[in-house]
Amino acid sequence: MTVKAYISGTGSYLPPKVLTNKDLERMVDTSDEWIVQRSGIKERHIAENETTADMAIKAAARAIEMAGISADQINGIIVATTTPDSTFPAVAVKVQSALGIPACPAFDVQAVCSGFVYALSTADAYIRTGLMSRVLVIGAEKMSSIIDWTDRGTCVLFADGAGAVILEARDVEDGEGLEGQGIHSTHLYANGEGKDLLYVDGGVSSTGDSGHIKMEGKEVFKYAVTYLAEIVAEVLAQNKIHPDQIDWLVPHQANIRIIESTAKKLDMSMDKVIVTIDRHGNTSAASIPLALDEAVRDGRIKRGQMVLTEAMGGGLTWGAVLFRF
Ligand code: UT7
């Protein structure tokens, strides 16, 4: 008998304030037409009086409710964020006390836009080794706090929000294979040679402040298309599956053109791809759980369906997870 980790509930939260492309036209030299054509973004949510932990807590409460569990059954918390409330303590420990989760391992992981894939993979590994059985996995970001609002190359892209899942252990009969519910494979990579293509120009041990996002957009775009094509090919080969066995692609939402390129590589029609970038912008580690929760709640993603999720971001980092929901 082995153990697999499956998603028993999803939840998300978006701050109420919506910033449209028209609003941005009044702030920097840009246009709605440019932003939509180059990125696919029409509007995004911006947190005003809320922190990353505040948003994480709201998303987590919704995931707990959907999973039909109580907070005291959770025995691990992993938060993917690059915009924590403070340098320490971790956002995860704030979530733990706010939701009344009993003392358990609670920590943040930082892999920027790939953060949720990293956190999900980490939680999966803990569950498969038997060290945890019910893990709260969150992606939460307040990217607006590290945006340079005078840099039109980045300020039109990034945004705020949070998404969460409950990952639970399930006993698996030998030979169940890919038909069984749960995470089938996880794939993580990083290549620090790309560290200067997308970064923040500040930090605790350098400038002493949190800095602002800097990006060589065109270069990052090229890496994203290449790395994501490679990693989805790896997922298919490792699991010995054909793209038509995947019901849904839930990609990180950085740019509609990157998403379309990955879908094309998989020979998937765009109606099998969950797209939120038009309304959410790039919420970094929050984008995948936000998209997943939206599609689960509106009934597109159903129990028993195969889902592929992938992301690429600063670091450079990239990764993918294949699971049956
Ligand atoms: O999530 C983490 C990973 N991040 C990504 O994957 C992002 C990857 N990169 C991208 O999504 C795209 O590169 C962008 C959306 C950031 C930019 O699109 P692009 O087609 O690569 O445009 P570009 O950076 O090459 O800029 C083209 C032109 C430039 O003007 P010139 O030099 O051709 O005269 C820019 O100065 O567009 C100009 N530009 C803008 N114009 C209007 C740049 N930003 C803007 C703007 N509004 N906001």
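The values are calculated or read from the model by the stated rules, or taken from the named source; none is laboratory data. None of these values were measured; they are calculated from a predicted model. Methodologically, a virtual Cβ is constructed for each residue, glycine included, from the backbone with ideal geometry; neighbour enumeration extends over all protein chains shown.
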Please verify whether segment 76-95 includes one or more residues that are in contact with a Gly (Cβ under 7 Å, 6 or more places away or on another chain), closer than 19 Å to CYS155 by Cβ, buried (at least 16 other Cβ atoms within 10 Å of the Cβ) and not assigned by TED's automatic domain parsing to the domain that holds GLU294. yes
Within segment 36-79, how many residues turn out to be within 16 Å of the ligand (Cβ to nearest atom) and over 22 Å from the mean Cα position of the chain (by Cα)? 1
In segment 182-208, how many are buried (at least 18 other Cβ atoms within 10 Å of the Cβ) and assigned to a loop (DSSP other than H, G, I, E, B)? 1
Those residues of segment 117-174 which are among the basic types (Lys, Arg), farther than 20 Å from SER12 by Cβ and away from the ligand (no atom under 16 Å from the Cβ) amount to ARG128, ARG170
Would you pick out the residues in segment 272-284 that are within 18 Å of PRO15 (Cβ to Cβ) and away from the ligand (no atom under 13 Å from the Cβ)? THR276, ASP278, ARG279
Among the residues of segment 221-260, which ones are of a type in the set (A, V, I, L, M), more than 25 Å from THR154 (Cα to Cα) and in contact with a Ser or Thr (Cβ under 8 Å, 6 or more places away or on another chain)? VAL232, VAL235, LEU249
Checking the structure you have, find out if any residue of segment 238-254 is within 10 Å of the ligand (Cβ to nearest atom), within 19 Å of ILE7 (Cα to Cα) and crowded, with 17+ Cβ neighbours inside 10 Å. yes
Inter-residue pairs, beta-carbon under 6 Å, first touching a residue at least 60 places away in the same chain (Cβ under 8 Å) and within 11 Å of LYS17 (Cα to Cα) and in segment 40-54, second in a loop (DSSP other than H, G, I, E, B) and acidic (Asp, Glu), 6+ apart: none
Given (1) within 14 Å of the ligand (Cβ to nearest atom); (2) closer than 30 Å to ILE183 by Cβ; (3) not in a loop (DSSP other than H, G, I, E, B), where does THR83 come up short, assuming only one miss? (3)
Would you say ALA237 is under 30 Å from GLY299 (Cβ atoms) and among the small types (Gly, Ala, Ser)? no
Determine whether segment 210-230 contains at least one residue that is of a type outside the set (Ser, Thr, Tyr), more than 16 Å from the ligand (Cβ to nearest atom), exposed (fewer than 15 other Cβ atoms within 10 Å of the Cβ) and assigned by TED's automatic domain parsing to the domain that holds ALA320. no
Sole residue being touching a residue at least 24 places away in the same chain (Cβ under 8 Å) and over 20 Å from the mean Cα position of the chain (by Cα), chosen from LEU178, LEU188, LEU198: LEU178
Take the residues in segment 316-325 that are in contact with a Phe, Trp or Tyr (Cβ under 9 Å, 6 or more places away or on another chain) and within 16 Å of the ligand (Cβ to nearest atom), then tell me which one is farthest from GLY115 (Cα to Cα). LEU316
Pairing a residue in segment 19-39 that is farther than 16 Å from PHE158 by Cα with any residue that is assigned to a loop (DSSP other than H, G, I, E, B) and within 9 Å of the ligand (Cβ to nearest atom), where Cβ atoms lie under 8 Å and the two sit 6 or more apart in sequence or on different chains, gives none
Looking across segment 285-313 at residues that are among the small types (Gly, Ala, Ser) and either in a helix (DSSP H, G or I) or touching a residue at least 12 places away in the same chain (Cβ under 8 Å) (or both), the single one that is nearest to the ligand (Cβ to nearest atom) is GLY313
Could you list, in sequence order, the residues of segment 186-221 that are of a type in the set (Ser, Thr, Tyr) and touching a strand residue (DSSP E or B) at 6+ places or on another chain (Cβ under 8 Å)? THR186, TYR189, TYR199, SER210
Any idea which residue in segment 267-279 is nearest to GLY161 (Cα to Cα), counting only those that are out of contact with any Asp or Glu (no Cβ under 9 Å at 6 or more places or on another chain) and buried (at least 17 other Cβ atoms within 10 Å of the Cβ)? ILE277
